[in-house]
Amino acid sequence: MKKHILSAVKFLVFLGLGAFLVWFAIKGLTEEDKIQIARSLSEANYAWVMLSILVGIIAHWSRAVRWKMLFAPLGLKPKLSNTFYAVMVGYLGNLALPRLGEVLRCGILKRYEKIPLTQSFGTVIVERMIDMLVLLLLFMICAWIEYERLNTYIKEKIIAPLQLKLHAVAENTIMLSIYVCLGLALILTVYLFRKKIFQNPIARKIRAMFISFLEGIRSVTKVKKPLLFIFHSVFIWIMYLMSVYVCVFALKETQSLSLADCLVIMCFGSLGVVATPGGIGAYQWIVLQIMLLWGYSTAIGVAFGWIVWLAQLVLVLVFGLLSLVLLAIYNKEEKII
């Protein structure tokens, strides 16, 4: 019961944050802005939005292929269809709570492919680590391409506030000393009583689970086709970028946006997806700030942010729900055969 209440509270908190950011993004809109947003959305060419959805599906299929490759070194061969359905249901779960999707993905493979949760989680961690490395590389490319436009903004909005916070923590020597002492005491306690701790049945079980988890992580070093694995790791993000870029042509006012501009939107927009369920509010607010920085009107910034976000929302809702149905049908047919 407590677990369900905690999940509900988390969902409401993240949803509340998203709602606040939506309100914050539109609270200063004038009547003229609202009219322009409505006009832009009504006159948009939604054929490009549909193409964005198709490109997104290709990216998710590529992710499913890469995930399947991580299981091969473990002697596991889940069906590609099940890994794809699991990925889509995972994205659907992330609309409820950030990171819930990873749990759902692993749960689906445990149910339909009998793959242990610990090994699945290990492969998912590998996926996330690789995605973070690729995203970090893309951020570096953004910083190089858009240095002049982003330099001032990053200094004023990110670096300066962060420096103030770190300075405040460093000045509070008492709290800092307490944290250091507690950390050292914990390490010393574990070291002194390590034999008793590791002989405990519960500790043994946790150790076995941890070893299984590490096996999943180590699977990346044993993939049979490393070049193909690298290709999919890059291809996924290329498709993410293209799913944003094709939306540029949906509005007349945004057709001047370049591929480099869309790279900046994709990279920084990904931070919003992590912050709130499905990125609601956070994604649109980030896109708006970027568009304003580039001299676009508030109305166009809001309209474009919503178009890109809605394309991905429709993709996740439609194919996530469809995957739930197909999982049951496909695996039921397999059992009958």
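At-a-glance table
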item: Gained length - Asn45 relative to Ala185, 0.36 nm times residue gap less alpha-carbon distance; result: 44.2 nm
item: Packing-based ranking, highest mean first, of 251-257, 239-245, 178-184, 49-55 given that Cβ atoms within 10 Å are counted; result: 239-245, 49-55, 251-257, 178-184
item: Ellipsoid equivalent to the range 82-146 - semi-axes via the Cα gyration tensor, in Å; result: 28, 13, 9
item: Per-peptide average of other Cβ atoms within 10 Å, ordering 266-278, 316-328 highest first; result: 266-278, 316-328
item: Over the range 241-309, relative contact order from alpha-carbon pairs under 8 Å, at least 6 apart, %; result: 29 percent
item: Length released on extending from Lys77 to Lys332, taking residue separation times 0.36 nm less the Cα-Cα span; result: 90.0 nm
item: Reduced Cα scattering model of the range 293-334, Debye log10 I(q)/I(0), q = 0.21, 0.28 Å⁻¹; result: -0.71, -0.87
item: Mean Cβ neighbour count within 10 Å, used as a protection proxy, ranking 136-145, 294-303 highest first; result: 294-303, 136-145
item: Estimated dipole of the range 215-292 in Debye, rounded to 20 [Cβ of Lys and Arg +1, of Asp and Glu -1, Cα centre]; result: 420 debye
item: Length released on extending from Leu135 to Leu317, taking residue separation times 0.36 nm less the Cα-Cα span; result: 63.1 nm
item: Filter on Lys79/Lys222; Lys68/Lys114; Lys222/Lys332 - keep pairs with C-alpha separation over 24 Å; result: Lys222/Lys332
item: Relative frequency of Cα-Cα separations exceeding 17 Å in the range 256-300, percent; result: 30 percent
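Laboratory data are not the source of any read-out in this text; all were calculated from the coordinates shown. Bear in mind the structure is a predicted one, so any value in this text is a computation, not a measurement. Neighbour counts are summed over all protein chains in view; Cβ atoms, including those assigned to glycine, are modelled from backbone coordinates with ideal geometry.
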